[in-house]
1. Of all DSSP beta bridges in the chain, what percent run antiparallel (nearest 5)?
2. Tell me, for the chain, which Cys residues have no other cysteine's C-beta sitting closer than 4.7 Å.
3. About the Cα centre of region 52-100, how large is the charge dipole given +1 on each Lys and Arg Cβ and -1 on each Asp and Glu Cβ? Please answer in debye to the nearest 20.
4. Return the Rg/Rh value of region 3-173, two decimal places, where both radii are evaluated on C-alpha atoms and Rh is the Kirkwood radius.
5. Between residue 149 and residue 251, what is the label-to-label distance in nm when each label sits 7 Å out along the Cα-to-Cβ direction?
6. Would you mind giving the average projected area, over all directions, of the Cα convex hull of region 192-251 in nm² with one decimal?
7. What dipole magnitude, in Debye to the nearest 20, does the chain give about its Cα centre under +1 on Lys/Arg Cβ and -1 on Asp/Glu Cβ?
8. So if I place +1 on the C-beta of Lys and Arg and -1 on the C-beta of Asp and Glu, and nothing else carries charge, what would the dipole magnitude of region 192-251 be about its Cα centre? I want it in debye, nearest 20.
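Every number here is computed from the coordinates shown, using simple stated rules; none is lab data. Being a predicted model, the structure only gives us computed values, none of them experimental. Neighbour counts run over all protein chains shown; Cβ positions are idealised from the backbone, glycine included.
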Amino acid sequence: MINWVNVSGGKDSTAMLLWTLDNEIPNCRYVFADTKWEHPATYEYLDYLQEKTGVEIERVESVGFRELSIQRKMIPSRARRFCTEELKHFPLSRHMREAEGDVLHQIFVGVRREESANRAKLDETQFVEVKYQAHGHQKGDSLLKSRQLLHHPILEWSHDDVFAMHRKHGIDPNPLYQMGMRRVGCFPCIMANFQEMGVIIKRFPEVVDRVAELEKEVGEASGKGMASLVAADKLPDYVPLGFRHVAAYLDKGPEITGLEQDIEGCMSVYGLCE
């Protein structure tokens, strides 16, 4: 049986990868689900991990965040978070079936209880069934079922435990964590709060044009002329929809804790600068 290990380039999945090495888990295959909406530093970090650990990280392609949003005629949101399934769960399910056939897939996932209320409810071992389209997102595709046994060995770990595992193996964390990011992966992620979004805009101003172009393309595809990465109910009434307006608001929003920080130096929320 193949032991599949999800690697995102983030701190927890990196700790999971290192845990499998420490525990000599046999027959591992390490997989990265590419949303095509990642920061370049994350792709570089995956190359770094391969070089430092000697493992191969397979890149599993998806339709991509931009194309998915255009196809669905909406940008994913906290309320309609279809991106995780479409860009990660489904492509990985197809990839595993191609490799192993229709069997029970055993998967190791680096998730922790302290990350969120939903993850706090997870069991260390959990059986799930994922229904996905055989060939992607086209209407009429037949549905397949992927039976998966999920293992969460670092479920009880703190973020200090996670970075201690990095240090044990001489592995640097993804550099985005020293730039004020709480999470890496989709960039920007729809789950980012205003403090993190503000830091992203200040450190990486090119993101504004990228997101504004996405909003335009999705708005045209929907026929509504407008789509927004940031939901209206997250903004004050006087801030119009659209990422350029959000960027202007965050640039002038001293009431938002954290935006007054100096973004030029290290500003890790996990104490990595100390």
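1. Counting only bridges with both partners in the chain, antiparallel ones make up about 40 percent.
2. 28, 83
3. Taking the Cα centre of region 52-100 as origin, the dipole is about 420 debye.
4. Working: Rg = 16.2 Å, Rh = 16.9 Å.
Result: Rg/Rh = 0.95.
5. 5.5 nm
6. Working: hull surface 15.6 nm².
Value for region 192-251: 3.9 nm².
7. 880 debye
8. Values: 7 positive and 10 negative charges, 17 e Å.
In total the dipole reaches around 80 debye.
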